Amino acid sequence: MQTTDLGSKETGKIWHRKPTAATNEGIIVNLLHGAVGSQAKTMRFLQVAFDSSGDCFLAGDHLGSIYHFNLNRNRFDLVQRTLQACTALAFNLHRKSEFLVALADYSVKCYDTDNKELVSWMRGHDSTVTSISVHGSGRYAVTTSSETAQLWDLDTFQRKRKLNVRQSVGIQKVFFLPLSNTILSCFKDNSIFAWESDTLICKYQLPAAESGSVFQYKAFAITRDGRMLAAGGKSNNLHLWCLSSKQLFRIIQMPSKVRSVRQLEFLPDNFDGGSSQVLGVLSQDGIMRFINIQTCKLVFDIGSDEDGIVTSSVSPNGRYIASIMENGSINLYNVQALTKEMNKPPPPLVKVVDLTKDKDSTANKSGTTIEKVNVSTGRPCRPWKSKQEVVKTKYLQPEENNTSDNKENELPSGLSKQRLRAILKGFGEYPAKYRMFIWRSLLQLPENHAAFSSLTDKGTHPQYTLLHQEYPLKSTKLLRVLQRTLSASAHWSAIFGETKYLPLLAFPFVKLFQNNQLICFEVVATVITNWCQHWFEYFPNPPINILGMVENLLSHHDKELLQHFVKYDVTSQVYAWPLLETLFSEVLTREEWLKLFDNVFSNHPSFLLMAVVAYILCSRSPLLHCSQKEDFEYFFHHRNNLDINAMIKEAYHVMDATPAEIHPQHQLNEFVPLTKGQYPIFNKYPKFIVDYQSQERERIRQEELEYLRERQISHEMEAEALRRRADDEAWYQQQELLRGAEQQRRQLLIEEEQRLLQQRQRLTAVKRELKLKELQLLEAARRRFMKYQQDQRKMELRRLDDEIERKMCTRERETAAVAQDVEIRQMELEAQRRFYEQQLAKELEAETQEVKGEFDTNRKKADLEEQMFWRLMETEADLQDKKLLEESLAKADRLCSETEWKLQALHKQKQDDVQRGKHYEDVGKLAESIKEQEQQLCDVIKELEARKWAEVSSRRSQLETEQLSKFTLDTERRKFLYTGMVQEVQPEDVLQETESEYSDRLRDLNLGSPDRNSSTQGDTEAGSKPQNVCLNNVSSSSSSTHFSLDRGRENLESNERALMSEVRELRHKLATQARRPYHTSHYPGTQWT
């Protein structure tokens, strides 16, 4: 086994000598990626993927290095270093050099292997991408993670759709079905859905498997034709689903060593028509077992317990298997070397579970039958049984010396041709269900896989390259299988590459065995070697000897019909050869043809000639009515009204009634099956003719190629000359066109300039008009605005006039109301004044009476004292002077008080006038300052009031002081008088007399003339003020008798001053109360200006 260490090389050879896989358990080469400078450390490969051709594959390691391996060129190249571990790879895009890689950062990138550049970067997954599935066209891809699956357009690298599922369910795998637009999604709850990739509409859902075989699916595989799905998981059972019927049709039980399945891969075959029969199963022990799902035999296995497999990838052409081993290396296997002993497997143990007898089972209810097969390569295991199933276990031991048995399908003992012929004669045909099996048994096909693979590996034969042009078939698959079968026949023997009727002969078998190309080829080869004996001896002419046998048979059984053919020049090449070269496929239906060949394969090869004669004899009546050769030719190339059972019966009759001398049985050999291992040499044809034809054909082909080459060269030269001539003419025409276009463009430019000039003039005129209109509009707008301003001002003036008028009216009303209030207040004040004057007069009268009483008493006392004094002093002049002085002093004092009061009143009036003027000015300027000014006025008045009261208090204190001093003087004077009196007159008598005289004098004063009272009052008060009675004003004309008023004079004056101060205080309080609610109550003559 060769080992290649990639190391740090970016390019190199995969192997250094031609590998011999057959001697190394099928391993071509082992690929390692060792670290630089360290032989023990190995970079582990994680993913591997083949391209669509199967000759190249990619491999990515855990450090992000991706290598491209080309097996045809024996080269590897480092295409990219992603620096991240790759989790999935896909190398089958429609651009062959591009590939997709899923990285550990949940992104998917597209690279180009040629220029080694990044093509696109696709993001959208939130977890690790576990698989990438690419559509058969290579233009769409589905990336799958555990949470979501996303559909990408690989032309634009844009996400088209996204599949989200609940976290409790999860996604196992989402992939495209081959040869269709269907997407299959497999979830962790074992549910499988099919979706239309264009519309993502759910097409169907696979039903749940029966309860006895349910397990969690982990691995899936699909055949190339998209008809079969294999599923496995945590069990040793495999489920095979038929997607066309959407039913589980088979359960395969692996050996007991297999506890779980990691990966499933179908092994493609070039001749299986896409319906792969070999399935690779990678189990938990690291061994990948390849089994045949039909026979349940172990074909081969790879890997071992010591060197297990992690993952594998099978090439689309089925030639190679690339497996990543547990040590991180890659083993490349050759499938042809592994399948060498495919026909010699060890005796298997087959367990068949027959569910057809259980009518109540789920499978029978759905109309399908499930077959359960146990695969075992060692000792037999106890078969699985259930109450509803009948388990049958059989050991099939192959017979070593029996070479006629079918290796793939072991026939039960007792089956023989004689018994089959008895069945055939009894029922007229074999059962359709077992027909192919019986045919393969009758023909004893060797199934030489290796030999057939060597023939198919040679490719398409040149003679059949253009088969589709000569035989256009609607089914491309059928055409491909026919082309491969004919090519394999041509490679087997050169005569079949020259035989023109071989496609007609092989076509019915190809149509029957299109899903198994090996069986198809071997059936055709067996038919040619046995039922086409001596057909090629007269090549390229029809087999004259065989046609002569047919003519002899017809002559013996119906001379009249033969004479009829001779009469109209119809030879055996017209009535026999069309039937032979197509093997009756043109003149019989499918069912009739199958019935016929049931009998052909069950009898001697000469039975085919008997069938030709029987067909002619059964069609005797219509043939005798034909008189044109074209009618005969048409008859033997088209289907006719014929009873196939009567024809077969007639064939047996002809075979039995034909004499021995003309019987073909003596001239044709017995049936000889194909040899095993290698196919027999077929050289029963004129080799020189074939070689000559081949040489002639090759010579003619070479001459044709040379002629075609020369004609191609001449055509190319002629085309080149024509092209040059056309180029020259086109150049001249182009120059002419350019000149014309230039002239036209110039003319257009001149016209355009003229139009532009005219447009500019029109534009200037329009601008001028617009400017004038703009000016007019501006003027109109200005006038309108001025008028609007005037109107606004007029409205404002009117509004101001209305406001002024309204305010004037309001002020007049307020003034009138205030004047009325003032008048009312004046009347109230006048009434109050009169009331107070009356009260004051009453109080004054009472006080006067009291004062008079006191005065009389004091006067009497004074008189008594004066008499006593004068008695002591005996002088009166000093007393008179003192009395005059005292009267003058009292009068001066009274006048001073009155003058002072008048000055104060005048000063107060002036002050009120000034304040009233200021008030008028303040009211006109600022109405808010009225209250402050009134408050100031009130403060001034209060200050004056306080000052007056202070002065009154000082005067009272002065009066009290004087009274005290006077009282002291009086006391001393009385003491002096009492101590110095010399008279004996009693003082009580004098006092009584004095008091009586004093009372009379006071009465006289009160009843004095009004003139004297008015003159006295005019000196003290003015206007309408109340009259004040002055008790200390003694007139010289009031009485002739003078009393002494010294005693009690001070008290009278003090009482008078106190009374006057109380009157002034009362008036001041009344004025203050009148000003508080009415601001203009003190100014009755006020008017608003």
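The values are calculated or read from the model by the stated rules, or taken from the named source; none is laboratory data. As the structure is a computational prediction, the values presented were derived from the model and not from experiment. Ideal geometry is used to build each Cβ from the backbone, glycine not excepted, and the neighbour counts take in all protein chains shown. These area figures cover heavy atoms from the full protein model, side chains too; ligands, DNA and RNA do not enter into them. Shrake-Rupley method; radii C 1.70, N 1.55, O 1.52, S 1.80 Å.
Points worth noting:
- Residues W901, W731, W535 ordered from highest to lowest accessible area at a 1.4 Å probe: W731, W901, W535.
- Shown here for the stretch 80-157: GluC sites (Glu not before Pro) in loop regions (DSSP other than H, G, I, E, B) with at most 12 other Cβ atoms within 10 Å, namely E117.
- Ligands, DNA and RNA are left out, and with a 1.4 angstrom probe the accessible area of the stretch 576-715 is 53 Å² per residue.
- Probe 1.4 Å, protein heavy atoms only - accessible area per residue of the stretch 787-851 in square angstrom: 82 Å²
- Amide hydrogen proximity for F300: with H placed 1.01 Å from N in the peptide plane, the residues at 5 or more positions away or on another chain lying under 5 Å are F290.
- Of the solvent-accessible surface of the stretch 747-842, computed with a 1.4 Å probe over protein heavy atoms with every protein chain present, carbon and sulfur atoms account for 57 percent.
- Surface share of carbon and sulfur [accessible, 1.4 angstrom probe, percent] for the stretch 249-339: 42 percent
- Alpha-carbon centroids, the stretch 554-569 and the stretch 658-676: separation in whole Å: 25 Å
- Virtual spin-label span in nm between R590 and L777, 7 Å along Cα→Cβ: 8.8 nm
- Gain in span if fully extended, Q744 to C202, counting 0.36 nm per residue against the direct Cα distance: 188.7 nm
- Ordered by solvent-accessible area of protein heavy atoms (1.4 Å probe), largest first, the residues K966, K771 come out as K771, K966.
- Cβ crowding within 10 Å averaged over residues, with 217-227, 595-605 ranked highest first: 595-605, 217-227
- Accessible area (Å², 1.4 Å probe, nearest 10) - Y707: 130 Å²
- Figure legend: label point modelled 7 angstrom from the Cα of T465 along Cα→Cβ; residues of the stretch 702-732 with amide N under 14 Å from it are 702-706, 708-709.
- Potential extension, K246-K425 segment - 0.36 nm per residue separation minus Cα distance: 60.6 nm
- Inter-site label distance for F682 and N669 at 7 Å from Cα along Cβ, in nm: 1.3 nm
- The stretch 578-712 - percent of accessible surface contributed by carbon and sulfur, probe 1.4 Å: 51 percent
- Contact order normalised by residue count of the stretch 1-150, Cα under 8 Å, 6+ apart, percent: 15 percent
- Projecting label points 7 angstrom from Cα along Cα→Cβ for Q909 and H715 puts them 14.8 nm apart.
- Averaging the sequence gap over all C-alpha pairs within less than 8 Å and six or more residues apart, then dividing by the number of residues, gives the stretch 603-721 a relative contact order of 34 percent.
- Between S168 and N317, the FRET efficiency estimated from the beta carbon spacing at R0 = 35 angstrom works out to 0.25.
- The stretch 430-497 - accessible surface per residue (Å², probe 1.4 Å): 44 Å²
- Measuring with a 1.4 angstrom probe and ignoring ligands and nucleic acids, C56 comes out at about 20 Å² accessible.
- Placed amide H near C86: partners under 5 Å, 5+ positions off or other chain: G64
- Under 5 Å from the amide H of Y538 lie the amide H atoms of I544, each residue being 5 or more positions distant or on a separate chain, with H modelled from the backbone and absent for Pro and chain starts.
- Full-extension gain in nm, Q216 to L889, via 0.36 nm per residue minus C-alpha separation: 227.8 nm
- Distance from the alpha carbon centroid of the stretch 71-108 to that of the stretch 156-190 works out to 22 angstrom.
- Cross-linked pairs K500/K629; K9/K116; K425/K595: Cα-Cα separations exceed 18 Å for K500/K629.
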